[in-house]
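One structure is given below, encoded as structure tokens.
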Amino acid sequence: MALVSQGKPSRVKSQHVSCTVSGTNYTLYTCPANCVAEVSMLLLTGVQDSPSVDVTWEDGAVCHILGGKNISVGEYVLLTGATLVLQAGNTIKVKCTTNSAFRLDASCTVTETFIPIG
């Protein structure tokens, strides 16, 4: 159930990104224009090696959702049970750092509620 929809058109969608380059900011999700998005689930899964992971919410400032967590192969971090509300243009980014080859998969589920113009 959407928290902010209140009769406005909304949709639920999931996004995914695979992180493979150390020090690179991967954009997992960007809230579209004329929209408010509720992030209900964030999943990080270690696929290869054990990178140090930093997940940020950026809305003009940077808020660290998860910082410096090492996620090994087969290990995961699942964040649910709370809703993060993003405004248009806000992003969730994932950055991994390590000295060896790695792969970390990141996924999120959001409910986007569209705000009519005018």
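No value in this document is a laboratory result; all are computed from the given coordinates. If you're wondering where the values come from, they're calculated on a predicted model, not measured in any experiment. Cβ placement follows ideal geometry from the backbone for every residue including glycine, while neighbour counts extend to all protein chains displayed.
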In the set 78, 104, 66, the lone residue that is in contact with a Pro (Cβ under 8 Å, 6 or more places away or on another chain) and in a strand (DSSP E or B) is 104
Scope segment 32-82; condition buried (at least 16 other Cβ atoms within 10 Å of the Cβ) and under 28 Å from residue 117 (Cα atoms); matching residues
35, 36, 37, 38, 39, 40, 57, 58
For segment 60-83, indicate whether the set of residues that are out of contact with any helix residue (DSSP H, G or I) (no Cβ under 8 Å at 6 or more places or on another chain), within 19 Å of residue 11 (Cα to Cα) and aliphatic (A, V, I, L, M) is non-empty.
yes
Restricted to segment 83-101, and to residues that are of a type outside the set (S, T, N, Q) and part of a strand (DSSP E or B), which residue is surrounded by the fewest Cβ atoms within 10 Å (Cβ to Cβ)?
85
